[in-house]
Each structure stands twice: as structure tokens, then as C-alpha cells.
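The values are calculated or read from the model by the stated rules, or taken from the named source; none is laboratory data. This one's a predicted model, so the numbers in the text were calculated from it and none came from an experiment. Cβ placement follows ideal geometry from the backbone for every residue including glycine, while neighbour counts extend to all protein chains displayed. With ligands, DNA and RNA removed, areas are computed over all heavy atoms of the protein, side chains included. Shrake-Rupley method; radii C 1.70, N 1.55, O 1.52, S 1.80 Å.
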Amino acid sequence: MHHHLDVYTYSNHLRQISPQQKLWFAIAVILIALMTHPITQLLIVVWLGIWTVGYARIPAKVYLNVLMVAGFFLLTSIPALAIDVVAVEQLASVQLDQLGGVTIGNWYFFVSHIGLIQAFQIGLRSLACTSCLLFVLFTIPFTDLLQVLRQWRVPILLTELLLLMYRFVFLFLDVVTELQLAQRARGGYRTRQRWMQSVALLVSQLLVRSLQHYQHFTLAMNARGFNGNFQVYSNQSYLYSKRYAIESLVGCIGLVILDFRL
């Protein structure tokens, strides 16, 4: 799937819209998501999904798959927020908060009611912000995003770090795909035992192969006369859409008014 992310970015139906307009819209929605209630944040997830899938025409399956990957990482943080621990002697102090637990040695591990509420709020807020970032990812090509950041006087060091990170994410995924394909061709995932051995071998070889690809990438840049400054170029002409500007403005105002009423 990662091989097609750039394809979707360059072929989405909002491609002709000014990247600055789309980026300002995403920033405004992120600020609203950070300061509003869970119901408003849930509406933001749905609204940005409509923009990405409905307006930009990104396939719903692709969008949901990427959103589910981000959601999986959010779920991994829930236990740290929802599970608490106190000494057995202090058990009486958490009777009103605990929803159930187990005693291990001199410690009592329990599910916290307040922690669950915090985990739900933080998870929904993070999901709303992730929807905004996916809108940027799927509708603004990375080279155009870098040009906008440089126009906004963002430090060159930061933009170049973003470019390198973006490049090496795909390089890392390419290495994983190559190793998995070679292992599957040799029956590496047929049984549970072979699956565990294959995963262990994949992890052990991943760092070595990634470093090799990094060396090749460095040699390629030096061969092309790299002088320490990445240059990005785009000759795409963009339009400012009054319709989308009005719709985004009305939507943002509506979310703020709804949150005040809540």
C-alpha cells in the first residue's frame, strides 16, 4: 500500500487547490480538535473523512487502513492510562475509582474509572488530529508542502529533516517488503514456529539492510553533487477555491458554536 501513497497524493481531486489553502484549513481544524469536547472531535473525524474520501476521492479502503494503523498505535497507549497500581495498604483510597483489579504481592493493579475517561478523551483527540494530518498527507504532495514551509520561513534544517524522514520511511518499508517476499517464497510463514523464526530473522536483518540502503542513498547523492542543501521544484499551477474556502470557514465556525453549546 505504501507504494501508492504518492500516487494518491498526486492524483487526488483536490490537487489543483492551493496547498497553502489546504494547509491553513488543516491547521485550523487541528487547533479546534485540541480545544473542544469529544463529540466535536468525533464530528471532526467524520468531516475530515468526507473531505479526504468524498472531495479528494481517496479510496475509502486505503484511507480506513491508514487510519486503523494510527488507531492501533493509539490503542497501545490505553493500558498505561487506564491501569493504575497502589500498595495493598492503600486499597481503601481507590475503592470509588477502581472498576476491578488483581492483587500481586504487595501491590494492587486495577482498572481506573478516571483513567478510562482520560484514555477515551486523549484517544479521540489524537484520532481527530490524525484525520487532519491524513488530509494533508493525501492531498498535498510533499515537495509542495516543503515549498510552503520554506515560504513561511520555517528553518531549512527542519524542512530537510522532514524530507529525509519522509524518504527513509519509504526506504524502510521497501526493505520490509523485500524481506517478507523472500521469506514467503521460501515458506517462511507456513507454521507458527516458522512464523516466529521468520519474524526474528526479519527483525535481525532489517537494521543491516536499512543501513546498506542508507549507504547507497548517500553515495547516490554525493555522485549527483549534493552540497548539503536539498532543492525541491514544482511547476504546478494552483487555484484558490472560494467554494472550499467558504465551506471550510462555515464548518469551522459551526464546530466552534456547537462546542460552546455543549
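For the range 76-86, which residues satisfy the criterion of being of a type outside the set (S, T, N, Q) and surrounded by 11 or more Cβ atoms within 10 Å (Cβ to Cβ)? Walk me through how you get there before you give the answer.
The first filter runs over the range 76-86 and keeps only residues of a type outside the set (S, T, N, Q), leaving 78-86.
Listed by number, the residues that qualify are ILE78, PRO79, LEU81, ALA82, ILE83, ASP84, VAL85, VAL86.
Considering LEU116, LEU161, LEU133, which residue is open to solvent by 60 Å² or more (accessible area, probe 1.4 Å), aliphatic (A, V, I, L, M) and in contact with a strand residue (DSSP E or B) (Cβ under 9 Å, 6 or more places away or on another chain)?
Details: LEU161 fails: in contact with a strand residue (DSSP E or B) (Cβ under 9 Å, 6 or more places away or on another chain); LEU133 fails: in contact with a strand residue (DSSP E or B) (Cβ under 9 Å, 6 or more places away or on another chain).
On inspection, the qualifying residue turns out to be LEU116.
Those residues that are open to solvent by 60 Å² or more (accessible area, probe 1.4 Å) and not hydrophobic (A, V, I, L, M, F, W, C), I need them from the range 164-176; list them, please.
Passing the criteria: only ARG167.
Could you tell me which residue of the range 1-44 is surrounded by the fewest Cβ atoms within 10 Å (Cβ to Cβ), considering only residues that are out of contact with any helix residue (DSSP H, G or I) (no Cβ under 8 Å at 6 or more places or on another chain) and not in a helix (DSSP H, G or I)?
GLN16
Does any residue of the range 65-73 turn out to be among the aromatic types (Phe, Trp, Tyr) and more than 30 Å from ILE253 (Cβ to Cβ)? Break it down into steps so the answer makes sense when it comes.
First, pick out the residues of the range 65-73 that are among the aromatic types (Phe, Trp, Tyr): 72-73.
Cutting the leftovers down to more than 30 Å from ILE253 (Cβ to Cβ) gives us 72-73.
Yes, the conditions are met somewhere in the range 65-73.
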